[in-house]
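The values are calculated or read from the model by the stated rules, or taken from the named source; none is laboratory data. Please read these numbers as outputs of a predicted model, since none were measured by experiment. No Cβ is skipped: glycine too gets one built from the backbone with ideal geometry, and neighbour counts run over all protein chains shown.
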Amino acid sequence: MYTVQDIFKLYGPTYIQNHNLSKEEWKVYNAIMNCKTGSLGYHTITCEHCGNTITAFNSCRNRHCPMCQVYAREKWINKESEFLLDCPYFHIVTTVPQELNEIALYNKKVFYNILFKATSDAIMTLSEDPKWLGAKVGITSILHTWGQTMEFHPHIHSIVTGGGIKNNKWINKNNEYLFKVQVLSSLFKNKFLALLKKENLTFPESLSHLNDNRQFNKFLEPLYKKQWVTYIEPPKGSPENVIEYIGRYSFRITISNERIKSIDNGMITFEYKDYKDNGKIKLMTITAEEFIRRFLMHVLPDKFTKIKHYGILTNRNKKSLIKLCRMLIKQAIYSDFTSAITRKRKLPEFECSECGHKKFIYAFYYRSRCAI
């Protein structure tokens, strides 16, 4: 199997000679280059029963690394399972027109924060409107910045409870839709552009004229008239499947190693799903330089939170509000529903290859070890 690490090792040195990497990009580049090599040290796993010892290199644990997401995803899903409600969940996608992409790349942290805020504000505003639901819902929002071909495509995936709380009462959403997608799209668009206008943005040289407020407003005018792409998917499956669904989106990265099909003579071939052609799996070949450029383009600002919670799932009040919601919808706090999820969601366990035991002693060594 080919990996992003292989591509970095073969073509990274040439790439960094010809491109200026940001501090965040350097951090990700070095982490992936050193992941599961002697550079990051090693660890031992010793069976408590028979003393059998396994030695392995340490992983980088960087959130952009294709080799470090499985355990982090399972751990997150296990934790978030505690807050599932026995109700339908809707999947909402909000995105911005490609005309704003260049501005986004020069103002990543500001732009992504606006994207989160405009999305959550629009959903909360409509859900609290009696015309649609009339209650406070719970939202888990996840930022993605790429499309299937690794091009820049910032958008938010939001998982929204199909019901909410109002005046200490649980209000169910019985329809197959939460609210009309056209209404959400229009409200999201207006909120986003209003927030964008308030920011002190940095513009590339090609858009330097937008430093003039009149020119910037003129630039935005066509976007008010444009239909922004927004999608609302109705509930699918049982509530306990929702956390799996969220987990897949939460820890998805720009491209997985499994999608890389060949590395040949400076060209990289990878597979992608073409949604414009009924989701058919196709192959794309680009230069190694372009592959690395596209990959690093999606590196997030340092310490930026890409998963956020709103409404009844806000971190500050989550535990108490979820307990209240469960009582209001007659779901016991420690009901069979909750217990079933807990039983299904178990973190991966190691098993001794010699005796089959599952209890180990771990020891980590962070100095380089040349050979194991």
**Message:** Is it the case, given these coordinates, that Tyr11 is surrounded by fewer than 19 Cβ atoms within 10 Å (Cβ to Cβ), modelled with pLDDT of 95 or more, of a type outside the set (A, V, I, L, M, F, W, C) and touching a Gly at 6+ places or on another chain (Cβ under 9 Å)?
**Reply:** yes
**Message:** Need a quick list: strands (runs of 3 or more DSSP E) entirely within the stretch 113-216 having at least 1 residues that are closer than 27 Å to Ile103 by Cβ.
**Reply:** 138-146, 152-161
**Message:** Can you go through Phe179, Phe219 and tell me which one is modelled with pLDDT of 95 or more, assigned by TED's automatic domain parsing to the domain that holds Ile139 and surrounded by 12 or more Cβ atoms within 10 Å (Cβ to Cβ)?
**Reply:** Phe219
**Message:** Of the residues Ile103, Ile54, only one is β-branched (Val, Ile, Thr) and crowded, with 19+ Cβ neighbours inside 10 Å; which?
**Reply:** Ile103
**Request:** Determine whether Leu207 is more than 13 Å from Tyr106 (Cβ to Cβ), surrounded by 14 or more Cβ atoms within 10 Å (Cβ to Cβ) and touching a residue at least 24 places away in the same chain (Cβ under 8 Å).
**Result:** no
**Request:** Read through the list (1) on the phi < 0 side of the Ramachandran plot; (2) assigned by TED's automatic domain parsing to the domain that holds Ala104; (3) surrounded by 13 or more Cβ atoms within 10 Å (Cβ to Cβ), then give the number of the only condition that Gly311 fails.
**Result:** (1)
**Verdict on Ala122 being touching a residue at least 24 places away in the same chain (Cβ under 8 Å), within 30 Å of Arg326 (Cα to Cα) and either loosely packed, with under 15 Cβ neighbours inside 10 Å or touching a helix residue (DSSP H, G or I) at 6+ places or on another chain (Cβ under 9 Å) (or both)** = yes
**Prompt:** Only one residue in Lys218, Lys226, Lys180, Lys198 is touching a residue at least 60 places away in the same chain (Cβ under 8 Å) and over 24 Å from the mean Cα position of the chain (by Cα), so which one is that?
**Reply:** Lys226
